Amino acid sequence: MTERDALVRAVCTAPDDDLPRLVFADWCEENGEPERAEFIRTQIELRRQDVPAPRRAKLGRREASLLSLWERRWKGELVSEPGLLWGWFERGFVERLSVYDADPFLANLDDLFDWTPLRKLTVGGWLDLRPLVDSPYFVRVESLVLEPKAEVTLESLRALYAAAPAPHLRLLMVAHRREIATALEHLAAVYGDRFTLWGE
């Protein structure tokens with residue numbers, strides 16, 4: 001594992017902490033990636049509440065400029081497969097993934113979670129959630145949204161129920177279907193206000 005790889009893994013294992021992100025930014029600046037360093041620092045500063053409006057506007061313009069030039073390259077470092085759609089950058093890294101094809105998702109679990117602090121998953125197709133729930137990466141997932149087109153088996157929902165209360169999971173959103181109504185009632189009971197039905 002290279003030094004760069006190790007620094008990215010540190011970000012992935014402590015996604016709430018800005019320090020590993022800033023350490024990685026320092027490394028980028030010292031190793032020929034000054035634009036990535038600036039982008040990480042810019043997005044982190046934009047998250048601060050005490051940034052004056054003129055400074056915030058300037059940072060926002062710079063963020064947009066850097067993204068227009070470098071977003072494709074930076075996302076190109078991540079798993080790129082049909083059926084997987086990466087979201088936007090947050091504090092310098094992509095944290096959201098939409099899954100429309102189960103095969104590339106399940107085949108690349110390690111790489112998906114090792115190269116970016118993936119915390120928000122949206123499922124829009126068929127997916128057996130059990131390999132994810134049984135993996136060491138499930139504790140990193142804060143938001144799991146199962147869209148109306150998601151085909152989630154009862155076994156998947158039972159796995160989510162068995163993993164409850166799963167304190168890391170701050171949002172579990174599932175589209176209602178009559179055939180899984182009882183399972184949804186069980187999930188609502190164990191996840192409380194962290195559970196919601198799609199569209200509510």
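The values are calculated or read from the model by the stated rules, or taken from the named source; none is laboratory data. All figures in this text were calculated on a predicted structure; none of them were measured in a lab. A quick note on method: Cβ atoms are made from the backbone with ideal geometry, for glycine too, and the neighbour counts reach across all protein chains shown. Please note that ligands, DNA and RNA were not included when accessible areas were found on the heavy atoms of the full protein model with its side chains. Shrake-Rupley method; radii C 1.70, N 1.55, O 1.52, S 1.80 Å.
Brief remarks follow.
- Residues of the range 100-128 with amide N under 15 Å of the 7 Å Cα→Cβ point at Arg9: 110-117
- All other residues whose Cβ lies under 13 angstrom from that of Asp103 are scored, Lys and Arg at +1 and Asp and Glu at -1, for a net of -3.
- Hits among lysines - C-alpha to C-alpha of Lys149 under 25 Å, sequence gap 8 or more where chains match: Lys120
- The helix-only estimate of mean residue ellipticity at 222 nm for the chain, built from DSSP H runs of length n ≥ 4 each weighted as -39500 (n - 2.57), is -14500 deg cm²/dmol after division by the residue total.
- Taking every C-alpha pair closer than 8 Å and separated by at least 6 residues, the mean separation divided by the residue count of the chain gives a relative contact order of 14 percent.
- For the range 159-200, the square roots of the Cα gyration tensor eigenvalues, ordered a ≥ b ≥ c, give a/c of at least 1.5 with a/b no greater than b/c, which places it in the oblate category.
- Per residue, the convex hull around the alpha carbon atoms of the range 15-118 comes to 109 Å³.
- Whole-percent carbon and sulfur share, accessible surface of the chain, 1.4 Å: 53
- Label selected from (i) 48, 38, 31; (ii) 54, 39, 27; (iii) 95, 31, 28, the criterion being Cα extents along the principal axes in Å as computed here: (ii)
- Lysines with Cα under 22 Å of Lys58, excluding same-chain neighbours fewer than 8 positions away: none
- Spin-label pair Glu35-Ser65: with each label point 7 Å from Cα along the Cα-Cβ axis, the two points sit 1.3 nm from one another.
- Placing +1 on the Cβ of every Lys and Arg and -1 on the Cβ of every Asp and Glu, with nothing else charged, gives the range 1-139 a dipole about its Cα centre of roughly 780 debye.
- Taking every protein chain into account, the accessible area of the chain amounts to 52 square angstrom per residue (probe 1.4 Å).
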